[in-house]
Each structure stands twice: as C-alpha cells, then as structure tokens.
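See structure below.
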Amino acid sequence: MKQSKNTTSRRSFVKKLAGAAALLTTAGPTILSGKNDIQQYDLSRLTRYSANDQIQIALIGAGGMGTADTDTALQVPGVRLVAVCDLYSGRLEDAKGRWGKDLFTTKDYREILNRSDVDAVIVATPDHWHMPISVEALGKGKGVYCEKPMVHDVKEGPAVVQAQQKSGKTFQVGSQGLSSLGNEKAKELYESGAIGQFIYAEGFWARNSPVGAWQYAIPNDASPETVDWDRYISNTTKRDFDPLRFFRWRNYRDYGTGVSGDLFVHLFSSLHFITSSMGPNKVMATGGLRYWKDGREVPDVLLGTFDYPDSSAHPPFNLSLRCNFVDGTSGTTYLRLVGSEGSMDITWDSVVVKRNKETASDDPFYIEQLKKAGKPLTDRKRILPPEEITFSAEKDYKGGPYDHFVNFFTAIRTGGKVVEDATFGYRAAAPALLCIDSYNQDRAIAWNPEKMEIVKK
C-alpha cells in the first residue's frame, strides 16, 4: 500500500511533540497546550508606520461582511481607509459615521479604482460581482482582498487567475480562518504524522437564528431612490426592484452561491491548506428546503460528499460536509481529519488531537524495558500515550481574520506571496460551487483539480 508523507509513526510524533517544549519563548502569539508545544508567529505585525508610509485601502461593498473586514484591516498597523463604495445610500452614510466624515464615498466602484491614492481594495460585494470587480481592480494595479467564494460560477475562475498573473499584484481570497494559528498547527501536526495515514475528513456547520439563516434586516428606506438597483442587476437577470433580492441576496441564485459557497468554502480552504491538496475529483450533493420557506431559491439543509484522488501530497480519501440552517441546539462548526492512528478536530484557534490507545508491538522503548525487567514481552504493562491533546491559542490572540489581513498587507509591502491567492482560491471555490450545481442538477460532477476544469463524460 502506498504511504504518503504524513504516515510518520506515532513514536516519531511523540518525540517531536516532547521536543517542541524547548521552543518556549515570550515572543508573539502562539498556539499551545500546557508546556507540550508552541508555534511562533511573525513579529513584523508589531511594526509601526508613519503617515507617509501607509497602505491606503478602499472598501467596495459595505454590508455586514465588508464592514467587519474593514474594521479588522484597520487594526493592522500602517493601514488607512480612504474610500467606500456601496449601492445603498444608507451604508455610505453609516460608513462616514463609522470611519470619518471626510471619507470619499460613491455608488460607482469604478471611481474607487480610478483613484491614485488607493493601493488595495476589499471586495465584499454579493458573489456575482466578485469576478468582474477583482479582474478590473487587478488591471488597475490595485491589490485585492476578495471575499469568498472567489467567483460566483465555476467558469469564472480562470479570468481571476489570469488577471492576477498578468498584473503581478497581490490577490488574496477572504476565507478569514485560513491564516489562523489553528490551521497552522493542524498542518504541522498532520505533516508530523499525528494521525497516521490520512483516510477521511468531515465538516459540519449549523445555525439556528434568522440572521444566521440570511434573514437580514430590510431598511425602512429601501427603494429605487436609495438603492442603485440597475447597476446591481446589470450583469445578471433583469427584473423590477426587489429589496429582498438586494438585502437578502444570499438566498437567490443570481447573486449568491448557497450554503456551500458561503460556508463549505471555508472548510475546503482549511482542508487544502493543511493537506496541501488541490481538491476533489468527484462532487455529489443532496439536501432540501426544509424550514425557511421564504421564497429563497437555495436549500437550508445541504449534504455534500467528495472523492479526493491519490496524489503526491496525500493518499486518496473521502470528505463529507453538511450544513443545517434549522438546528435547534445551535450545533458547532468544525473540520475533522481522521487517520489510521488518530484524528484532529480543527477550529481557528484550537486543535484537538485524539489518538489510538494501542502501541506498536515493535516499539523499541517497550521492548528494551521488558528485556531489562527480565519479563516476557506479553507480560508487562505498557506505557500508553495520552488519548487526547488540546492545543489552544494564547489569551488575547487576535484571531484568524486579523492574521489573514496581516499576511495580505505584508505581501503588498514586500512583494511576497500569500497562500490563498487566485489559484488556491479557485481550487477552494470550485468544489463548493460544484456542490450546489450537483444539488441543482441532481447528478454527480467530475472535476480535474490539477487542471481546474470540469471533466465531461
């Protein structure tokens, strides 16, 4: 049987785990468990910048996610907001109240891209505008932080990949937890053989509140006078003004990508980062609209299964993802990797490793101790490893979203690379988008993760 690079024995893992205690220092945020382990983090985030050495950013799409992104970005030293674009007048007024009355605001994103004082933009629009704005922004020489999923349709991916390559500018997809300490620790543990040979992964996302299920509030003044509806639908189906389709856009296919594009894409991003995978080669989905019968066009319960092929990075494995917007107990959000010797439960700020009780009969330490005791190999009790180890981020850790922006701005300053560039972002978005396509088309879909294209049969 083929062995992947993550099949290091448990004894090797335990040795690395014990040796890591020597790395303890006082510098920077870390993820740790008692004195067992530690992960260093880049201290460059503490650098201070003068007013003449700031990265000047603009926000395009000032809804809930765009506002949260901007608030996080502004926590990073050396970053200044100079402009905001949104199609709803109320959000532009809120932006000035939140970030300063002198802020430039507009309903036309092209005015943002034409400004010479904008170094980078945050694209936090509905999904159907991610590709066109990102491509145009890269063409204008701007750095781009684009919310997930990177594109609205799987066919749009190559345009963004090509635009980034042609421009040479920094492009990062906003799956905020990708740069977290939790993901970094999980990758280190996986590559150290903590769970043996990788076999299976699963992820779960549950919500039970109206807001969590995309029942966003509709402003009292929502109207064609306060919303630039014609621009909003200019690249999709033409229809009369509908405030539900503008403010609750995730519920509709023309603008959103369902629960898989909104939530599964986070889990794909983490999984691919941890395992260095390019993605699955088969996608299947089922589900239904079980509770939120509010006119939405996407399911509130979705189950996806994915086949990952054998590759140089990992053995073949299966992935199961599920999402439920009607969860009476609120549930949890996690990614679990299962191997021949244990499993890992992964969040943005913790990793829980659970390992098998059994030890190998050829353990040299075990055999040597039995020889010294003069006992038969089957007579003496064994020293067993702990069944569960929890790695948790230090107190006051600022979180994965902050880390993600630190990496984005560092790459802009240094001309360096980011992990979640357009190619990585496309490989994370594609199976999420194909999942909702599989549900809508009621069929399995074949995908070539290396070439990033649908396989026609």
Those residues of the stretch 79-110 which are among the small types (G, A, S), within 17 Å of D228 (Cβ to Cβ) and in a helix (DSSP H, G or I), in sequence order
S89, G90, A95
Residues being in a strand (DSSP E or B) and either among the small types (G, A, S) or open to solvent by 60 Å² or more (accessible area, probe 1.4 Å) (or both) - total across the stretch 313-335:
3
Six or more apart or on different chains, Cβ atoms under 6 Å: show the pairs whose first residue is in the stretch 161-180 and without any contact (Cβ under 8 Å) to a residue 60 or more places away in the chain and whose second is crowded, with 20+ Cβ neighbours inside 10 Å.
S167/L138; K169/L138; K169/G143
For residues in the stretch 426-448 being small (G, A, S) and either open to solvent by less than 40 Å² (accessible area, probe 1.4 Å) or assigned to a helix (DSSP H, G or I) (or both), which is farthest from D153 (Cα to Cα)?
A446
If you go through the stretch 271-308 one residue at a time, how many are under 24 Å from D345 (Cα atoms) and open to solvent by less than 40 Å² (accessible area, probe 1.4 Å)?
15
Could you tell me which numbered condition D262 fails, if it satisfies all but one of (1) within 24 Å of G400 (Cα to Cα); (2) in contact with a strand residue (DSSP E or B) (Cβ under 7 Å, 6 or more places away or on another chain)?
(2)
Can you name every residue in the stretch 113-145 that is closer than 15 Å to Q162 by Cα, in contact (Cβ under 8 Å) with a residue 60 or more places away in the chain and either open to solvent by 20 Å² or more (accessible area, probe 1.4 Å) or not small (G, A, S) (or both)?
P132, I133
Go through (1) farther than 15 Å from F171 by Cα; (2) in a loop (DSSP other than H, G, I, E, B); (3) in contact (Cβ under 8 Å) with a residue 60 or more places away in the chain one by one and return the number of the condition M150 breaks.
(1)
Every residue from the stretch 111-138 that is in a helix (DSSP H, G or I) and either modelled with pLDDT under 95 or of a type in the set (G, A, S) (or both):
S134, A137
When (1) out of contact with any Cys (no Cβ under 8 Å at 6 or more places or on another chain); (2) surrounded by 24 or more Cβ atoms within 10 Å (Cβ to Cβ) are applied to V173, the one that fails is (1)
Need pairs with beta-carbon distance below 6 Å; first residue closer than 11 Å to F264 by Cβ and of a type in the set (G, A, S) and within the stretch 297-311, second at pLDDT below 95 and part of a loop (DSSP other than H, G, I, E, B); sequence gap 6+ or separate chains.
none
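The values are calculated or read from the model by the stated rules, or taken from the named source; none is laboratory data. Remember, predicted model here, so these are calculated numbers, not experimental data. When we count neighbours, we look across all protein chains shown, and the Cβ atoms used for this are built from the backbone with ideal geometry, even at glycine. Please note that ligands, DNA and RNA were not included when accessible areas were found on the heavy atoms of the full protein model with its side chains. Shrake-Rupley method; radii C 1.70, N 1.55, O 1.52, S 1.80 Å.
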